[in-house]
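Structure first, commentary second.
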Amino acid sequence: MKRLNPHQQALMTSALLVGSGLLAIALGKRVVARTEDVYAQIPAVVSGGFGGIALVILGCVVAFVQVSRRCSVQEGELQADVVAEVVALTEVRRQLAARPTPSKSAPRSRRSAL
């Protein structure tokens, strides 16, 4: 069995949290709908409704944090690539500047294309 990388594990965890929260909300709603006594409904609202909402929010926060961490890693890799290209271009510029320039004894004539 293939092992998931940490990014996939965190996203799976967040999906499980959101799914558990939605299930808790649905079960809490079912209990509240089946009882007419308000005092019996309060525990179902607290555990199902508020607990479910807390799980959904926690799952969304975990997913957001993981995605933002992944994006910043990719951004860092892109910045490293840009820096490497700038260093390479700077080296080429230094090599071109070190080459001797041709003498400017006679101006070259340009022929027009027309």
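Worth a mention:
- Scan of segment 20-43 for residues that are surrounded by 17 or more Cβ atoms within 10 Å (Cβ to Cβ) and either modelled with pLDDT under 85 or within 24 Å of the chain's Cα centre (by Cα) (or both), ordered by number: 21
- Qualifying residue in segment 29-49 (condition: touching a Phe, Trp or Tyr at 6+ places or on another chain (Cβ under 9 Å) and either closer than 24 Å to residue 70 by Cβ or not β-branched (Val, Ile, Thr) (or both)): no
The values are calculated or read from the model by the stated rules, or taken from the named source; none is laboratory data. Everything quoted here is computed from the prediction, not taken from an experiment. Please note: Cβ atoms are built from the backbone with ideal geometry, for glycine as well, and neighbour counts cover all protein chains shown.
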